[in-house]
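Here's the structure, in structure tokens; my notes come after.
The values are calculated or read from the model by the stated rules, or taken from the named source; none is laboratory data. Only a predicted model underlies this, so the values are computations on that prediction, with no experimental measurement involved. As a convention, Cβ positions derive from the backbone with ideal geometry for all residues, glycine included, and neighbour counts pool all protein chains shown.
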Amino acid sequence: MKNIVILISGRGSNMQALLEANLPCKIAAVISNRADAQGLEIARMHDIPTAVVAHRDYPDRASFDAALAAAIDRHAPDVIALAGFMRILTDHFVERYRGKLVNIHPSLLPAYPGIDTHERALSDGIKIHGCTVHFVTPTLDHGPIIIQAAVPVMRSDTPQTLSERVLHEEHRIYAQAIRWLCRGQVWLNKEGRVSGNRLEQPGAALIFPGLE
Ligand code: GAR
């Protein structure tokens, strides 16, 4: 069975969704860069080993990333899932885990990389927003895409209501992506693109606000 390590920085709702998704892999550890991350308590309640590698304890990104890599490598993971992990990782770290490191991002990438995705989506007046699971590459929020979910943006939405609608889908697609990775059904190929051997289910078009 494959091993996964989950990295968090805060609330940990995506981590919790993974812990409760009955995945075909062993969740070996949850590691946070903040000792006060709420998700650590949730992991402990699920009897998952936890560790803190506090970025504030390190003088620069390279030394933090080296300490983080040492904590990760203790578990020899096949997959490392960033779940609301809010630190930018060095190229060296990203290259070391090529094909193993995945991230969930609250937008339909390549739109809205970075932070405040829901605020920016609302201010642009887009009608369809969503979330993305992708392999991590050195360019921030830009790696090869494994799965995306799209949601409508309502006239009455606030960043809060929109983020809740997106988060609900994040929990579903992240568990799906990790399931595929653990079963060896998707992978990052030599050309740096996503390959897979699973059937593609037909999906429905999302048109919003809808045709008459
Ligand atoms: C999630 O919405 C996740 O997509 C986002 O942070 C939130 C963490 O929530 N991640 C990023 O913005 C990374 N660029 P959670 O801690 O409840 O999973």
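Here are the numbers for this structure:
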| read-out | value |
| --- | --- |
| Failed condition for residue 115, given (1) away from the ligand (no atom under 15 Å from the Cβ); (2) farther than 27 Å from residue 1 by Cα; (3) within 15 Å of the chain's Cα centre (by Cα); (4) not basic (Lys, Arg) | (1) |
| Enumeration of residues in the stretch 132-175 that are in a helix (DSSP H, G or I), surrounded by 15 or more Cβ atoms within 10 Å (Cβ to Cβ) and of a type in the set (Val, Ile, Thr) | 166, 173 |
| Single residue of 78, 57 found to be at pLDDT 95 or above, under 30 Å from residue 186 (Cβ atoms) and among the acidic types (Asp, Glu) | 78 |
| Odd one out for residue 181 among (1) away from the ligand (no atom under 16 Å from the Cβ); (2) in a loop (DSSP other than H, G, I, E, B); (3) crowded, with 18+ Cβ neighbours inside 10 Å | (2) |
| Residue list for the stretch 10-36, restricted to those being more than 16 Å from the chain's Cα centre (by Cα) and not acidic (Asp, Glu) | 22, 24, 25, 26, 28, 34, 35 |
| Failed item, numbered, when residue 41 is tested on (1) surrounded by fewer than 18 Cβ atoms within 10 Å (Cβ to Cβ); (2) under 15 Å from residue 178 (Cα atoms) | (2) |
| One residue from 28, 70, 21 being more than 16 Å from the ligand (Cβ to nearest atom) and out of contact with any strand residue (DSSP E or B) (no Cβ under 7 Å at 6 or more places or on another chain) | 70 |
| Selection status of residue 104, on the phi < 0 side of the Ramachandran plot, within 16 Å of the ligand (Cβ to nearest atom) and touching a residue at least 60 places away in the same chain (Cβ under 8 Å) | yes |
| Helices (runs of 4 or more DSSP H) wholly inside the stretch 1-90 containing at least 3 residues that are more than 21 Å from residue 131 (Cβ to Cβ) | 38-45, 61-73 |
| Some residue of the stretch 68-81 being over 21 Å from residue 12 (Cα atoms) and in contact (Cβ under 8 Å) with a residue 60 or more places away in the chain | yes |
| Verdict on residue 140 being out of contact with any Phe, Trp or Tyr (no Cβ under 9 Å at 6 or more places or on another chain), under 26 Å from residue 52 (Cα atoms) and modelled with pLDDT under 95 | yes |
| Every residue from the stretch 120-165 that is among the β-branched types (Val, Ile, Thr) and either closer than 27 Å to residue 93 by Cβ or touching a helix residue (DSSP H, G or I) at 6+ places or on another chain (Cβ under 7 Å) (or both) | 132, 133, 136, 137, 139, 145, 146, 147, 151, 153 |
| Where a residue in the stretch 122-137 is closer than 19 Å to residue 205 by Cα and its partner, wherever it lies, is within 15 Å of the ligand (Cβ to nearest atom) and charged (D, E, K, R), with Cβ under 7 Å and at least six apart | 130/169; 131/169; 131/170 |
